[in-house]
Each structure stands twice: as C-alpha cells, then as structure tokens.
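See structure below.
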C-alpha cells in the first residue's frame, strides 16, 4: 500500500481529506504510483502530468523520504519506505503565484 | 416569476449572483472553485440549469466543470484538449515560429438547442466542440489549419480564441475572434473558416489590406439581427451589417475607442455599450472616471452613462468577457471590473449599482434570464 499526500487544490478536486492510499500493482515508481492515482481519481488526469505526453507539469514536484526526486527517472524504483507505506509519496505544488 | 442569474468568473473562483425580475436585491453565492482562475462560466440557452465552467491554475492546468442544477452542484468533466493532427506553429512575439501549445479555455459557448453540445475557445487559438456534455472534446481544426494560421501572433494576453457567436437560426454559421489574428466565420458548422476582417485598420500592420493580424477584443450580436455585428478592436469600435463581410468604424465621439468588452441591448439591436479605456499603454478609464458609453444609433453617436459609477480616482479595467445583458424589458446591463466590483443597471444603462464591491479581479460575466 502506497500513501500519497496531495496538495490542497488536488485534494479538493479529488474530494479527499488527508492522505490517499493506493494499491500499486507493479513495483512502485513515479510512473506506476501516478498511474494508480489517476486510475482511482480520473479527475486528476492532466493536473499533475500532461495528457498524452505524461510530462510533469512545470510547477509540480515529487518528494520521497525528505528528498526531492522530481528529476529522477519516472521508472526508477521508489525507496523501500515508500513501497512499504512507512513514508508517504508527496506531490507538491510549487510555492508560486499570487 | 422572472429573474436573472449572473455567472461571474474571477481570478480566485466563481460567484453566482441571483435576483428576481426587479433586479433590486441580489443574492451572492461563492466562491466556487476557490483559488482557481475561472475564465468563464456560461449556461445553456436550451437548459438554463446546465452550466459549464472553465477552471484553471498555473500549477494544475485546465479543469472543466459542469452543473446540471443551476450551479448548486458541480461535476468535473473532460479536460483533454488535444489539437488535431500535428499542430504545427504560429508566429511568436518576436516574429519567429512557435509550436501550438494548449494553455487554457477562455470562452465557453453552449449550443442554442442542445444542452450537451458546447464549444470552447482556447489558447493557443483553436475551437473545440463537445457533444457529450463536456466529457470529451474534439477540435474543429479547419480553423487553426487555415492557410493564415502560421501568421497568427499572440496579443499581450496570449493567442486566445475569446469570442464564439452561434447564429440564432443557422447553427452552421458561427463567428469567432482571436487576439491577435482577427475575426473568422464558418458557414458549414466549423469544417471550414475564412477571415472576415475587411475594413479593419491596425496601425501596427504596414499592409492596410492584411487579412489577419488584427487584435479583435470582442464581438457582439443581437440575435434579432444576426447580420449585424459589433466589434471592440484593440483600437476602434466597428460595425458590420453584412455578417462580417465588411466593417466600418463607428467610434464617433467616444473619448477613446480603445477598450475590451462590447455588448448589444437584448431588446434593441441598435443599442450598444462599450467601456472606453484610456490607451493600450495604461489600461485605465479616461480621466479616472468609470463611464459606460451607450449608442442608440448603432454606433457613431455615443452618450456617457455615469449614474452610480465612480467619477473620480477610478483605475479599474473591464476585461473582454466581463460585460453582459439580460433579456428582460427594460434590458439589464452588467459588467465586472479588475477591482472586483460587479455593476448592474436594470434600466438599460441609465442607473448603476454595485452588486458586490470586493470580489477578486473579475474575468467574465454572463447573464441568464430565468423565466
């Protein structure tokens, strides 16, 4: 079970409070976690990654175990603490805008 | 009993303002989608409880919302706007070619007859259609594929398709406007389009007869006279009496003919409203006075409407989609400002009252007349 923490606007959009928990059928990576997240909450499609290209949106970053993993390969396995659910996978909206 | 529902999009959410037919007292609901930019909310003429909203942020991009109960509840619908085929390029600010990239939905225009059919005008300029209530969107790519497409250049706000007008009797005919490409018309339901910019003069363009490149800010029509179109261009207020085949300048005695919105009284196709702005450099009202100008003669002769509007120290702007009219008699006129006020006139512009003073900057106002 993977724990995911979403930023405010995406929690509102997905109509969830607090963390999201997901079963990820494959070895957890950025790609498989986001695939599972979008499958559970289709409303989030296009809001983290672009439709079609699956390119990360510019003002979105990913953190795992206190480390910014945004620029890691989307297929790189996530740390064991994420895979086991001990630590959450964080989707962060940049502190920007007005 | 009749009433009016205003659909207000702002930089930080949407608001729904409702009143009975007197339009004296207003109920204000919102913000909906708090914190999101709501470029436009619009209702279906065929089913006034069917609303569509364009919701976006820089973080999360485009989301589309639909309501089936007049705005009480909302459901996120499809937000994939994929250009048809290989999108190609348009002209960038520096004259180089730039790939077509979807940014956001500026304007939503529901079909006059089918609540499930709605058109979306987007940035970078294109028109999309949904026939399933917003669940999926298909581009009408004949517009963007027009032979002039590679010459289209963004205005300061982006290369946006901001105006869609559907002919009241012939749904095959539609008009759109793009900043800064110009106005276009289709007579075959969106398969093919052609520029309708003859008579427009833009001093930034050395070629006076140029087919595209005009920064059209807004077009308006009264459905009772569908061949007559009014246009607020970057500079110049224009009128066409032949469905856009030709345009003539009707700025007349306006203190400035720069501005963004233009609207036609619902009961009289000769009565038109604009809000002059000092210049394209300053984007504030002339003399710091907020004045709507009304012509009852189809342009050229204009009168200032000031009762209830601030006549000193006013530096707000009124954006292109932020003015609307209702269909009651006498016709109501409404507009929202970048200062967060929404003004209403229940008597065709003679007297104005601020329904609300302190909303976020207003991006759009639509008026639904409810029976």
Exercise. Just B:72, B:198, B:278 to compare: in a GNM of chain B, with alpha carbon springs under 10 Å, which one fluctuates most?
Worked result: B:72
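Give me Rg/Rg_expected for the protein assembly as shown, where Rg uses Cα atoms only and Rg_expected = 2.2 N^0.38 Å with N residues. If you can, show how the numbers build up before the last one.
Values: Rg = 23.1 Å, N = 469, 2.2 N^0.38 = 22.8 Å.
My calculation over the Cα atoms of the protein assembly as shown gives 1.01.
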Exercise. Which translational diffusion coefficient, to the nearest whole µm²/s, is obtained for segment A:2-93 from the Stokes-Einstein equation, given a Kirkwood hydrodynamic radius over C-alpha pairs, 20 °C and 1.002 mPa s?
Worked result: 164 µm²/s
Exercise. If you take every DSSP beta bridge whose two residues both sit in the protein assembly as shown, what share of them, in percent to the nearest 5, is antiparallel?
Worked result: 95 percent
Seminar exercise, completed: Expressed as a whole-number percentage, the relative contact order of segment A:49-98 with C-alpha contacts under 8 angstrom and at least six residues apart is 39 percent
Problem set entry | Most mobile of B:274, B:316, B:342 in a GNM of chain B (Cα contacts under 10 Å) | B:316
For this session: Give me the distance in nm between label points sitting 7 Å out from Cα along the Cα-to-Cβ direction at residue B:147 and residue B:29, one decimal.
Result: 5.1 nm
For this session: Kindly put B:282, B:204 in sequence by how many other C-beta atoms sit within 10 Å of each C-beta, fewest to most.
Result: B:204, B:282
Seminar exercise, completed: Only helices counted: for chain A, with every DSSP H run of 4 or more residues adding -39500 (n - 2.57) and the sum spread over all residues, [θ] at 222 nm is -6000 deg cm²/dmol
Problem set entry | Pairwise centroid distance, computed over Cα atoms, of segment B:226-305 with segment B:71-95, Å | 30 Å
For this session: Identify which of A:71, A:22, A:34 has the largest mean-square fluctuation in a Gaussian network model of chain A, with springs joining Cα atoms closer than 10 Å.
Result: A:71
For this session: Counting only C-alpha contacts under 8 Å and six or more residues apart, can you give the relative contact order of segment B:262-353 as a whole percent?
Result: 25 percent
For this session: Please tell me the relative contact order of chain B in percent, rounded to the nearest whole number, where contacts are Cα pairs under 8 Å and at least six residues apart.
Result: 12 percent
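Each reported figure results from applying straightforward, stated rules to the coordinates on display, with no laboratory input. None of the values given here were measured: they were computed from a predicted structure. Positions of Cβ are backbone-derived with ideal geometry, glycine not excepted, and every protein chain shown enters the neighbour counts.
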